[in-house]
Amino acid sequence: MSKKLKVVMTVKLPDGVETRFRELFNTTLWLNKNPMPREALFEAAQTAEVLVSSINDRIDAEFFEAAGEQLKMIANFGVGHDHIDIAKAVEKGIIVTNTPGVLTEDTAEMTMGLIIAVSRRFIEGAETVQRGEFSAWSPTFLMGRRIYGKRLGIVGMGRIGQALARRARAFGMQVHYHNRKPVSARISEELEATYWDDLDQMLARMDVVSINAPGGPNTFHLLDAERLAKLQPHAILVNTARGQIVDEEALAHLLREHKIAGVGLDVYERATAISPELFGLPNAVLLPHMASSTVEARTDMGDRVILNIKTLQDGHRPPDRVIPAML
Ligand code: 8YV
């Protein structure tokens with residue numbers, strides 16, 4: 001039997017997942033619901049052979065400088081790895097893994113939900129009832145916009161973008177997308193999706209825009225003030241990917257000026273430090289980064305992290321290595 005690796009968690013995972021970690025590895029759990037403070041992270045970098053990290057941790061050059069020789073792998077609990085300096089990891093010979101595929105459907109589901117919630121004004125309706133203000137039915141009360149027949153522009157047509165496109169088709173939406181390159185002919189045919197090489201042109205013609213691209217320097221402020229201004233006044237924008245892709249201040253400004261109709265956000269430019277300008281707007285549905293938060297996804301993500309570590313422990317190459325060519 002292979003020697004158990006010393007695994008340090010920086011994040012609290014579901015109990016069942018943690019039990020398996022304890023069975024398989026020499027595991028140090030992080031039992032606090034709050035993120036691991038930076039000093040503790042640096043300490044962990046001195047002792048762990050494998051660090052189980054999350055989006056809460058900044059795994060940057062400074063972290064890698066602090067890391068001891070024993071650190072072999074960062075196993076990220078999540079698919080996005082924009083918080084990890086992959087180039088530095090490679091330089092140091094440290095493997096980075098993520099959890100692709102297992103949260104695709106959940107994130108697409110939540111994105112579709114946000115599109116409907118914003119278009120059909122779910123939150124305003126629900127709050128009206130909760131406040132005891134539903135006193136009479138009226139034909140003009142809380143009129144939303146139908147999504148059937150509308151144009152959805154997906155920015156980033158990877159796994160999640162495609163899963164969203166399938167759902168949108170089922171709701172009668174027309175699918176358009178912008179991506180670094182077009183998807184395969186088979187997928188394009190299946191989704192009846194129109195490819196836009198020019199993002200500006202696509203933005204100017206959509207009724208709904210959904211951000212489903214990875215974060216990181218390549219997509220930072222991809223939707224800056226100038227691009228956002230291309231959106232039509234009746235358009236809505238949803239983002240379940242990474243907040244840094246959109247200039248949040250510019251977005252809030254457009255919304256306040258009624259230059260766009262609504263937003264549905266699950267992620268923010270500065271994590272939990274949300275621009276106050278977004279608060280108090282009836283047409284802004286704001287969620288706390290919960291798109292992949294289902295019992296099923298969290299369990300599968302845990303299993304994927306375990307598989308990667310177990311594979312390393314058994315002396316093989318973990319399946320979900322993030323390699324620079326993917327960036
Ligand atoms: C995760 C996510 O919950 O996987 C990702 O990239 O954005 C989320 O859905 C989070 O990153 C956990 O680290």
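The values are calculated or read from the model by the stated rules, or taken from the named source; none is laboratory data. Keep in mind that this is a model prediction, so the values were computed, not measured. Glycine gets a Cβ as well: all are built from the backbone with ideal geometry, and neighbour counts include every protein chain shown.
Some points to look at:
- Annotation: of all residues in region 236-247 being more than 14 Å from the ligand (Cβ to nearest atom), free of Cβ contacts under 8 Å to residues at least 60 places away in the same chain and surrounded by 24 or more Cβ atoms within 10 Å (Cβ to Cβ), the one that is farthest from residue 205 (Cα to Cα) is 246.
- Selection from region 184-236 of residues that are outside any loop (DSSP other than H, G, I, E, B), under 21 Å from residue 107 (Cα atoms) and of a type outside the set (Val, Ile, Thr): 188, 190, 191, 210, 223
- Within region 254-275, if we keep just the residues that are in contact with a helix residue (DSSP H, G or I) (Cβ under 7 Å, 6 or more places away or on another chain) and over 15 Å from residue 82 (Cβ atoms), the residue that is farthest from the ligand (Cβ to nearest atom) turns out to be 256.
- Checking residue 22 against (1) within 16 Å of the ligand (Cβ to nearest atom); (2) more than 26 Å from the chain's Cα centre (by Cα); (3) among the basic types (Lys, Arg), the condition it does not meet: (1)
- Candidate set from region 48-78 (those that are part of a strand (DSSP E or B) and of a type in the set (Val, Ile, Thr)); member that is nearest to residue 29 (Cα to Cα): 52
- Qualifying residue in region 250-259 (condition: in the same structural domain as residue 163 (by TED's automatic domain parsing), charged (D, E, K, R), at negative phi and within 20 Å of the chain's Cα centre (by Cα)): no
- Residue 29 vs. criteria away from the ligand (no atom under 16 Å from the Cβ), out of contact with any Cys (no Cβ under 8 Å at 6 or more places or on another chain) and closer than 11 Å to residue 309 by Cβ: no
- If the condition is being free of Cβ contacts under 8 Å to residues at least 60 places away in the same chain and either more than 11 Å from residue 322 (Cβ to Cβ) or within 8 Å of the ligand (Cβ to nearest atom) (or both), then region 65-75 contributes 65, 66, 67, 68, 69, 71.
- Within region 36-51, being over 20 Å from residue 271 (Cα atoms) and surrounded by 20 or more Cβ atoms within 10 Å (Cβ to Cβ) holds for 44, 45, 48, 49, 50, 51.
- Filtering region 271-327 to residues that are within 19 Å of residue 53 (Cβ to Cβ) and charged (D, E, K, R) leaves 298, 300, 303, 304, 310, 320, 321.
- Residue 99 part of a helix (DSSP H, G or I) and either among the charged types (D, E, K, R) or within 16 Å of the ligand (Cβ to nearest atom) (or both): no
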